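Trainee: Have a look at this one.
The values are calculated or read from the model by the stated rules, or taken from the named source; none is laboratory data. Please read these numbers as outputs of a predicted model, since none were measured by experiment. Neighbour counts run over all protein chains shown; Cβ positions are idealised from the backbone, glycine included.
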2 protein chains.
Amino acid sequence: MKAVGLVVEYNPFHNGHRYHAEQAKIKTDSSVAAAVMSGPFLQRGEPAAVSKWARTKMALENGVDIVIELPYIYAVQKAELFARGSVSLLHHLGCSSLFFGSENGRIEPFIEASEAFSRKEDDCSLILKEELKKGLSYPAAASKAFSHIFKGRDMLDLSKPNNILGFHYVRAIHTSGSAMKPYTTARIASQYHDAELPGDNSRIASATSIRKALIEKGTAAARSFLPEASARELEAYRNSYGIWHSTEDYFSYVKYSLSTLSAEELSRIYEVEEGLEHRILRTIRQARSYREMMERLKTKRYTWTRLQRMNTHILTRTKKEDMHRLLKPSSAPYIRLLGMTKKGQAYLSAKKKELTAPLVSKLSSFSHPALDLDILAGRVYSLPINEPERTLFEKQEFSQAPIRYDEDEKRFLNA
Amino acid sequence: MKAVGLVVEYNPFHNGHRYHAEQAKIKTDSSVAAAVMSGPFLQRGEPAAVSKWARTKMALENGVDIVIELPYIYAVQKAELFARGSVSLLHHLGCSSLFFGSENGRIEPFIEASEAFSRKEDDCSLILKEELKKGLSYPAAASKAFSHIFKGRDMLDLSKPNNILGFHYVRAIHTSGSAMKPYTTARIASQYHDAELPGDNSRIASATSIRKALIEKGTAAARSFLPEASARELEAYRNSYGIWHSTEDYFSYVKYSLSTLSAEELSRIYEVEEGLEHRILRTIRQARSYREMMERLKTKRYTWTRLQRMNTHILTRTKKEDMHRLLKPSSAPYIRLLGMTKKGQAYLSAKKKELTAPLVSKLSSFSHPALDLDILAGRVYSLPINEPERTLFEKQEFSQAPIRYDEDEKRFLNA
């Protein structure tokens, strides 16, 4: 039984994701697709529109056999750490390959870039540091450093977001010594950041454009780009909890958190760079919305996503010292299982003894500081839900057993 | 020019308060009434229904000549510290007397009780400690200790809330060596805690019953118990900011604050007694409302008001060490002026050089850790107001000059 690993956010799960999971199994000749998925908060620092349980259900009904959670310590991070955590978890699960979408679409340039980087890591770090000093953002500086080192060759375009992620997946596989084989495919949805739905008869669109259509026009507008399960779960979530989560829902809590932090305390929060604390505290007094705060904070040096991640760490009050301690081990400390199909369950039973990290099915059965942070992130995520639904949500977060889906009978066994 | 001091919350200012201010001037032969008023959060740990500025305006139109703010470090405190701060501020202002309402109504029992207490302080403390150990609440234990010491005499009934406060005012005058002369009068509104408005033709009711009528039935229902200015300011506040503040408005912030505190951090918050932190963290998970949380937390040992104050300190994240440091000096560190009539202004001009603490008219002109806490409390208070009004509120808190009222022309000069 072979498993292919996917790194996902499913915000929300759409037709492109289903196609990606199918292709992953075919191209890697695997019977099981295992996805490591961000929990409540995503790599861009945003809250997921709906809970990880709702997103897990969407995935299990659409060709994904195992869903595990990417812990907060890796999920709300720049590409390098996000990739390190994801690859480590797929390796723990015993996946024999990792399949990712990219703008490039061919795996060789990724492998070459990773190997070239290993040889020239010191040069690259030096240039990176210099460019950062000049005030460039991290992605811009990294792209510049790479193009300097690889100049003249058939280079991987590292200004493209999915190429960057892919590069870091491959790097993480190499540096961790994992035997997982990387595969890539060109993403069908033209651009990850496309804001508008395609006008043609395409049934595949970017998650960004789907979210925009959902929020502005409701589920019907995005319906043709979503599998039935996604449309159903999105509606069910909003019926149960009253909202689809967005950054604005957290604005008053960001304000509150900042009200109770001194500049010195704020400077100890993860991702709050030296000197930025005063600017944040000045800015927050003026801002009347999350967007306004972001626009006032943004500079060439600090990208939007970087600042959003910082805001999320301000919400969870994650301290630098704690994050650095939790990131010290080179591999992820546990595998939190969110859901599985029958095939996924069979795979896990077969591999049980070979898993290289503890498999956590119930929160009450395992304890780890990184898991405490996941629980905290879940609580913070639930804040905009009105009572009494919020308390129900929190109870589910804590007591929910992994979701089991019978893919033959097409029904959930416990949800 | 003589000033009489009043200790007030004006939540909201009602006819009883106007009568009290008039009587204070007559009985003490003073031309000026100076009130020290709690800011955003009150002695019972609740938020004031409307801002301190709105309450200041109500008072200035109704016979109060000077309103100063009781800092957070004294305002959200048990009777003893509340009284200590209030008395200290009225003394700083140069008041020659302090006039308070009580259930008893005669000043001699207060003076006797205070003197008797001085003689028997050690005995009393001993009994108090023993009763607390048995699990009694502080007020119940204090009442027991007093009745033991004063037994057989014409005793002051120290189970009555206003007698307790009065006792502590008189104690604070004696222990601070102030020359202020204490006066008391029987409160007209039968009971401070009366929940219902009186049914007869009375125009005086308890603040508790007035708030209840306001919330349940609107301003009209409480109209005959309020001066015109109070009804107007209450309406204006709700029109501007959308709410009258109540504890439930802060529930999600209490939840959030507790989500981000470990048991160890929580145990360092002021008023969180040893061992209570675990109970709080367990309780908050279950509670779907502020009231439900309180009902789950309440025991014989912890009174409702004590727990509400604790919740407010959890909201402002006030640490024991900080509070203890700020309470160390025996007198208040500054006089924050909120408003004055022409007569009040004349009094302050005349007394300017005799004031025994700095007079703070603008926040930007003075700096003190206790004032920082007042500013923080104001920010926390504003959280339930929707944007963009919340930001306007915060700006006013910071930039508002003391309100000036011309009592001859019956108009505000700057508001």
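Trainee: Out of the residues in segment B:259-268 meeting the condition of being in a helix (DSSP H, G or I) and away from chain A (no Cβ under 12 Å), tell me which one is nearest to residue B:381 (Cα to Cα).
Mentor: That would be B:266.
Trainee: Report whether or not residue B:215 is buried (at least 16 other Cβ atoms within 10 Å of the Cβ), modelled with pLDDT of 85 or more, part of a helix (DSSP H, G or I) and β-branched (Val, Ile, Thr).
Mentor: Spelling it out, it is not the case that residue B:215 is buried (at least 16 other Cβ atoms within 10 Å of the Cβ), modelled with pLDDT of 85 or more, part of a helix (DSSP H, G or I) and β-branched (Val, Ile, Thr).
Trainee: Also: Would you mind telling me which numbered condition in (1) under 21 Å from the mean Cα position of the chain (by Cα); (2) more than 11 Å from chain A (Cβ to nearest Cβ) residue B:352 fails?
Mentor: The number of the failed condition is (1).
Trainee: Just wondering, is there one or more residues in segment B:6-18 that are at pLDDT 95 or above, buried (at least 24 other Cβ atoms within 10 Å of the Cβ) and in a strand (DSSP E or B)?
Mentor: Among the residues of segment B:6-18, at least one is at pLDDT 95 or above, buried (at least 24 other Cβ atoms within 10 Å of the Cβ) and in a strand (DSSP E or B), which makes the answer yes.
Trainee: When only residues in segment B:216-231 that are out of contact with any Lys or Arg (no Cβ under 8 Å at 6 or more places or on another chain) and polar (S, T, N, Q) count, which is nearest to the other protein chains (Cβ to nearest Cβ)?
Mentor: Ranking the candidates gives B:219 first.
Trainee: Residue by residue through segment B:19-44, note down the ones that are under 20 Å from residue B:407 (Cα atoms), assigned to a loop (DSSP other than H, G, I, E, B) and in contact with a strand residue (DSSP E or B) (Cβ under 6 Å, 6 or more places away or on another chain).
Mentor: Listed by number, the list holds a single entry, B:30.
Trainee: Please identify the pairs in which a residue from segment A:388-412 that is under 17 Å from residue A:67 (Cβ atoms) and more than 14 Å from chain B (Cβ to nearest Cβ) has its Cβ atom under 7 Å from the Cβ atom of a residue that is polar (S, T, N, Q) and crowded, with 20+ Cβ neighbours inside 10 Å, counting only partners at least 6 apart or on another chain.
Mentor: A:403/A:56; A:405/A:341; A:407/A:341
Trainee: Residue check, residue A:352 against (1) farther than 30 Å from residue A:411 by Cβ; (2) without any contact (Cβ under 8 Å) to a residue 12 or more places away in the chain, all met but one. Which one?
Mentor: Just one mismatch for residue A:352, condition (1).
Trainee: Report whether or not residue A:271 is free of Cβ contacts under 8 Å to residues at least 24 places away in the same chain, farther than 17 Å from residue A:52 by Cβ and either charged (D, E, K, R) or surrounded by fewer than 20 Cβ atoms within 10 Å (Cβ to Cβ) (or both).
Mentor: When the stated conditions are applied, residue A:271 does not pass them.
Trainee: Would you confirm whether any residue within segment A:232-246 is out of contact with any strand residue (DSSP E or B) (no Cβ under 9 Å at 6 or more places or on another chain), within 13 Å of chain B (Cβ to nearest Cβ) and buried (at least 20 other Cβ atoms within 10 Å of the Cβ)?
Mentor: no
Trainee: Related question: Any residue that is without any contact (Cβ under 8 Å) to a residue 12 or more places away in the chain, within 10 Å of chain B (Cβ to nearest Cβ), of a type outside the set (Ser, Thr, Tyr) and in a loop (DSSP other than H, G, I, E, B) - is there at least one of those in segment A:288-305?
Mentor: Scanning segment A:288-305, I find at least one residue that is without any contact (Cβ under 8 Å) to a residue 12 or more places away in the chain, within 10 Å of chain B (Cβ to nearest Cβ), of a type outside the set (Ser, Thr, Tyr) and in a loop (DSSP other than H, G, I, E, B), so the answer is yes.
Trainee: List the number of the failed condition for residue A:67; all other conditions in (1) touching a helix residue (DSSP H, G or I) at 6+ places or on another chain (Cβ under 9 Å); (2) assigned to a helix (DSSP H, G or I) hold.
Mentor: Status for residue A:67: all satisfied but (2).
Trainee: Residues that are surrounded by 24 or more Cβ atoms within 10 Å (Cβ to Cβ) and in a loop (DSSP other than H, G, I, E, B): does segment A:94-109 have at least one?
Mentor: yes
Trainee: Out of segment B:373-395, which residues are part of a helix (DSSP H, G or I) and surrounded by fewer than 14 Cβ atoms within 10 Å (Cβ to Cβ)?
Mentor: Correct list: B:395 only.
Trainee: Collect the residues in segment A:272-287 that are out of contact with any Leu (no Cβ under 7 Å at 6 or more places or on another chain), within 14 Å of chain B (Cβ to nearest Cβ) and part of a helix (DSSP H, G or I), keeping them in residue-number order.
Mentor: A:282, A:285, A:286, listed by residue number.
Trainee: Among the numbered criteria (1) more than 14 Å from chain B (Cβ to nearest Cβ); (2) within 18 Å of residue B:286 (Cα to Cα); (3) among the small types (Gly, Ala, Ser), which single criterion is violated by residue A:339?
Mentor: Single failed check for residue A:339: (2).
Trainee: Residue check, residue A:329 against (1) away from every other protein chain (no Cβ under 14 Å); (2) touching a residue at least 24 places away in the same chain (Cβ under 8 Å); (3) closer than 30 Å to residue B:256 by Cβ; (4) not in a strand (DSSP E or B), all met but one. Which one?
Mentor: The one condition residue A:329 does not meet is (2).
Trainee: Determine the pairs where a residue that is more than 9 Å from chain A (Cβ to nearest Cβ), located within segment B:365-386, has a partner that is among the polar types (S, T, N, Q) and not in a helix (DSSP H, G or I) with Cβ atoms under 8 Å apart, the partner being 6 or more residues away or on another chain.
Mentor: Between residues of segment B:365-386 that are more than 9 Å from chain A (Cβ to nearest Cβ) and residues that are among the polar types (S, T, N, Q) and not in a helix (DSSP H, G or I), the close pairs are B:373/B:318; B:381/B:51.
Trainee: Which members of segment B:22-44 meet the condition of being out of contact with any Asp or Glu (no Cβ under 8 Å at 6 or more places or on another chain) and crowded, with 23+ Cβ neighbours inside 10 Å?
Mentor: Those that are out of contact with any Asp or Glu (no Cβ under 8 Å at 6 or more places or on another chain) and crowded, with 23+ Cβ neighbours inside 10 Å: B:24, B:35, B:40, B:41.
Trainee: For segment B:235-258, what are the residues that are aliphatic (A, V, I, L, M), in a helix (DSSP H, G or I) and out of contact with any Leu (no Cβ under 7 Å at 6 or more places or on another chain)?
Mentor: Result: B:236, single match.
Trainee: Hey, another quick one. Identify, from the list B:79, B:21, the residue that is touching a residue at least 60 places away in the same chain (Cβ under 8 Å) and either over 20 Å from residue B:329 (Cα atoms) or touching a helix residue (DSSP H, G or I) at 6+ places or on another chain (Cβ under 9 Å) (or both).
Mentor: None of the others qualify; the one that does is B:79.
Trainee: Now a separate question. May I ask you to list pairs of residues, at least six apart or on different chains, whose Cβ atoms are under 6 Å apart, with the first in segment A:206-224 being over 15 Å from residue A:243 (Cβ atoms) and the second being of a type in the set (S, T, N, Q)?
Mentor: A:207/A:11
Trainee: Cβ-Cβ under 9 Å, sequence separation 6+ or interchain: first residue in segment A:111-133 and free of Cβ contacts under 8 Å to residues at least 60 places away in the same chain, partner in a helix (DSSP H, G or I) and basic (Lys, Arg). Which pairs?
Mentor: A:113/A:171; A:117/A:171; A:118/A:171; A:127/A:144; A:128/A:144; A:131/A:144
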